[in-house]
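Working notes, beginning with the structure itself.
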Amino acid sequence: MKPQRIRATHSLILSYDLYRHLETFCPQKADLHQLSTFHDSDYVDFLSKTVPSNVHEFAKQAQRFGVGPGTDCPVFDGVFDFQRTCAGASIEAAQRLNHGRAEIAVNWAGGLHHAKKSEAAGFCYFNDIVLCILELLKHHQRVLYIDIDIHHGDGVEEAFFTSNRVMTVSFHKHGDYFPGTGDLGDIGAYGGKFHTVNVPLKDGVDDNMFVGLFKNIMERVMERFRPGAVVLQCGADSLTGDRLGVFNLTLKGHAACVRYIQQFCVPLVVLGGGGYTLKNVARCWAFETGVILNHEAWMPNEIPNGSCFESFGPDYKLHLTASSSMQNQNTADDILRLQTEVLKNLKQVEVAPAVPFFHTPGDFFAEDPLEDDEKGEAKRQSNGKRLLELGVPPDFGMAPSRQRLSDEEEDDAEGLGDMAEFAGVPHFERGQRDKGKDTDVLGLCVALGVGDPFRHAEAGDGEGAEGAKRKGGKETEQRSEGKPEEGVKDEREPGDSPNGTETEHRNGVDPTSRPNEMPAPDDAEDVEMEGTGKEVERDARPSKDVIMLD
């Protein structure tokens, strides 16, 4: 879980110019109170005061909490602040979804799924995923957690094992393998019975088998559970060639799972996780950033030159080739048995939770009063200088913030838009809308030790940011034959979105209808090949509303 993984990912995202379609924000560090909403206060206090030089003074506590020498969670300089930053970023990602500021939030430094209430495990100290889900539950009746890390997501499962407001779904290696949990028969307990889904797999599972099984199960999960928000953990140790992994997935197979969940158009938090071959982790998360942006068609296999270019030798290619020498120990009968048992359990899931939803609690973090005033702009300008010191391109710098419209101004603009459309004035409403709204993307520059906010340079006349804009559940997008051009075009008709508006998402109104043209299991390979520009022609385009942690 070294920060170098995030630095390499950040470098690759810059090299592929994906940052131009993102807006990033500096997350606040989670404080002791926020961490204690899930973690035991004694455990949080212990980590806050423990450093390498004094860990021997807390030997008994260290042993109790699974931290220190002889464990997989050593004490190192800055561990507390680093973990607080990762946790705070995931919390803020949830908040931006809760308030409709973004539809997708990405924190590649998150996804630490092994941490327990009062115990560190598997290189995880604070469980940012649980904290993120707790924040989402303030606005959403049901939250779905999906884990495609090769290790079982035991910490998250344990936290919500008796809850029917959270469903956890984990695809993982089972048997004599860390953490040794996640049996097919572990389905939850009490009110949460049938809300825990485990899909234990054997060594060598490949793209076709994994993606086909994933889609068949997740289609039924979305149909029965109908979540208001989804958290997807994208651990890269399930890729072929991982130092600790034993699966045989390529980037295309791994990313096909991300793309499939994105098609449901439910508010989505995407997190990182495991991954122990640094260059492959960066490849995976950079490519999946492109997939989330619908921009993968403009990501050539030849890795562009960048600050970490030498890390991707000797071939300097983006995509991985599945190992021909690794045997798939999962038979067709094994997969059919797994799928049949899981689908049988899912039939027992009630569509609505038993827990009533009375009110919306306050946020962990207060609204940032600096974001809309001169001090906030000065803060962004200052952080822009720090980014330049890191070698971030000048056009990645601080564009002046657009003035946000008040509620009255926005109502007036919509009224003018209606009159203008009635009079036959084209694109009037869109222009008024774009003046006051930004794409929201959360960013964490782990290379600094803390995050830095930065915003993409604006294009054209300054009124429309690069990337697509969305209003009322309608998606607008950029198109071109070879590369994205300026301008936007409304693609989707009012009835096309399976979920409607973001307001409907938050109110729990049918948020998870089945996506159109859902591939059958036999078509898994075609889906996995999407984004190569060869076998499947795809209308890829940069998207909006993505929250990203570099």
Full-extension gain between Glu350 and Phe309, please, as 0.36 nm times their residue separation minus the C-alpha to C-alpha distance. 9.7 nm
So for Thr24, Thr37, Thr277, fewest C-beta neighbours within 10 Å to most, what's the order? Thr37, Thr277, Thr24
Quick check: residue separation of Thr340 and Asp203 times 0.36 nm, minus the Cα distance between them. What number comes out in nm? 47.3 nm
In nanometres, what is the gap between the two model label sites at Thr71 and His319, each 7 Å from Cα along Cα-to-Cβ? 4.3
Two-site label geometry, Thr162 and Asp45: point separation in nm, points 7 Å out along Cα→Cβ: 2.5
Mind pulling up the Rg/Rh value for the stretch 17-70? Radius of gyration and Kirkwood radius, both on Cα. 1.22
Estimated vicinal HN-Hα couplings, Hz - the stretch 250-259 in sequence order (Karplus 6.51, -1.76, 1.60; Gly, Pro = x): 9, 4, 5, x, 4, 6, 4, 5, 4, 4
So what J values fall out for the stretch 8-16 if you push phi through Karplus, 6.51 cos²θ - 1.76 cosθ + 1.60 with θ = phi - 60°, rounded to Hz, Gly and Pro as x? 5, 4, 4, 4, 5, 5, 5, 4, 8
Final fewest-first order of His140, His174 on the 10 Å Cβ neighbour count is His174, His140
What are the equivalent ellipsoid semi-axes of the stretch 206-276, built from the alpha-carbon gyration tensor (square roots of five times its eigenvalues), in whole angstrom, biggest first? 23, 14, 9
Nearest-0.05 FRET efficiency for Lys2 and Lys60, computed from C-beta distance (R0 35 Å): 0.80
Which distance in nm do the two modelled labels at Asp31 and Gln329 give, with both placed 7 Å along the Cα-to-Cβ direction? 4.9
Only counting other Cβ atoms within 10 Å, I'd like Arg20, Arg5, Arg64 sorted with the fewest neighbours first. Arg64, Arg20, Arg5
Using θ = phi - 60° and the Karplus form 6.51 cos²θ - 1.76 cosθ + 1.60, what ³J(HN,Hα) does each residue of the stretch 31-38 get, whole Hz, x for Gly and Pro? 8, 4, 5, 5, 5, 6, 5, 10
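None of the figures in this text is laboratory data; all of them are computed from the coordinates on show. Owing to the predicted nature of the structure, the values given are computational and were not obtained by experimental measurement. A quick note on method: Cβ atoms are made from the backbone with ideal geometry, for glycine too, and the neighbour counts reach across all protein chains shown.
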